[in-house]
Amino acid sequence: MRHFEFHRSHRIGWLRAAVLGANDGIVSTASLVIGIAAAQANHQTILLTGVAGLVAGAMSMAAGEYVSVSSQADTESADLAKESQELLHEPDSELKELTGIYIKRGLHADLAHQVALALTAHDALGAHARDELGMTDTAAAKPLIAALASASTFAIGAVLPLIVVALTPQPLLIQAVAGFSLLFLAGLGGLAAKAGGANLIHGASRVAFWGALAMLATALTGKLFGVALG
């Protein structure tokens with residue numbers, strides 16, 4: 001009977017991008033509209049500012065994530081190309097290097113040498129990529145997926161406080177956006193923690209804390225500038 005184990009490490013790539021995108025969408029949009037509202041802008045201006053922030057933020061997240069992860073992918077490709085050349089021109093040295101890695105991990109010299117020989121014969125570049133360079137399929141850079149995940153989740157996150165803005169009378173707008181956004185952030189932190197196998201309370205509280213700090217800072221900024229310009 002085949003032994004089956006469930007692991008969450010395969011979620012690292014998309015989970016990081018998705019949580020980052022949604023968190024930024026909620027925090028930046030809520031903070032933006034709260035800051036504008038604190039500066040005594042009218043309801044239409046507040047909503048329009050939030051929509052503009054959604055579009056600009058989603059595009060910025062996509063571009064930033066794509067460039068960042070592409071840089072990682074370029075580095076991985078360059079390392080693999082270098083390793084491939086070394087395997088072609090210095091196979092004995094590379095075999096000794098792989099053997100040394102397994103010895104450091106606790107294998108006896110003879111067994112480490114046998115393992116290195118077997119893995120080299122099976123997939124030399126794959127063995128060095130995994131055991132020397134630390135590259136795995138799970139953590140491999142996927143720029144387009146990361147960009148799409150960040151942009152789409154940012155937009156989803158940003159829509160939530162905008163719905164609150166659209167449905168709330170202006171006198172209650174700051175309190176409503178702040179309150180609901182903190183609930184959204186706590187829920188996001190809890191979901192991310194559950195997907196990653198972490199503590200729900202810790203996940204929810206740390207996301208809500210930093211969101212509250214961001215909204216407070218922009219509210220104070222909007223209030224100060226609103227008074228100064230008024």
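The values are calculated or read from the model by the stated rules, or taken from the named source; none is laboratory data. Here the structure is a predicted model, which means the values were calculated and not measured. Heads up, the Cβs are rebuilt from the backbone with ideal geometry, glycines too, and the neighbour counts pull from every protein chain shown. Note: accessible area is taken over every heavy atom of the protein model, side chains too, but ligands, DNA and RNA are not part of it. Shrake-Rupley method; radii C 1.70, N 1.55, O 1.52, S 1.80 Å.
Quick rundown of the values:
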quantity: Average accessible surface area per residue within region 12-90, 1.4 Å rolling probe, Å²; calculated: 51 Å²
quantity: Distance between modelled label sites at A52 and A78, nm, 7 Å Cα→Cβ extension; calculated: 3.9 nm
quantity: Added length on full extension, which subtracts the Cα-Cα distance from 0.36 nm per residue, K194 to Q170; calculated: 5.1 nm
quantity: Surface accessible to a 1.4 Å probe, T218 within the full protein complex, Å²; calculated: 50 Å²
quantity: Apportionment of accessible area to carbon and sulfur, the chain, percent (1.4 Å); calculated: 68 percent
quantity: Translational diffusion of the chain, µm² s⁻¹ [Kirkwood Rh, Cα pairs; Stokes-Einstein; 4 °C; 1.567 mPa s]; calculated: 62 µm²/s
quantity: Normalised contact order of the chain, rounded percent, pairs of Cα under 8 Å and 6 or more residues apart; calculated: 40 percent
quantity: Net lengthening on full extension, S60/A118 (0.36 nm per residue, minus Cα-Cα); calculated: 16.2 nm
quantity: Mean Kyte hydropathy of 1.0 or more with a Cα span along the axis of at least 24 Å, helices from DSSP in the chain; calculated: 12-38, 143-167, 173-196, 200-229
quantity: Theoretical ellipticity at 222 nm over the chain - DSSP helices of four or more residues, -39500 (n - 2.57) apiece, nearest 500; calculated: -29500 deg cm²/dmol
quantity: Rough spin-label spacing in nm, given labels placed 7 Å along Cα→Cβ, for N42 and E97; calculated: 6.8 nm
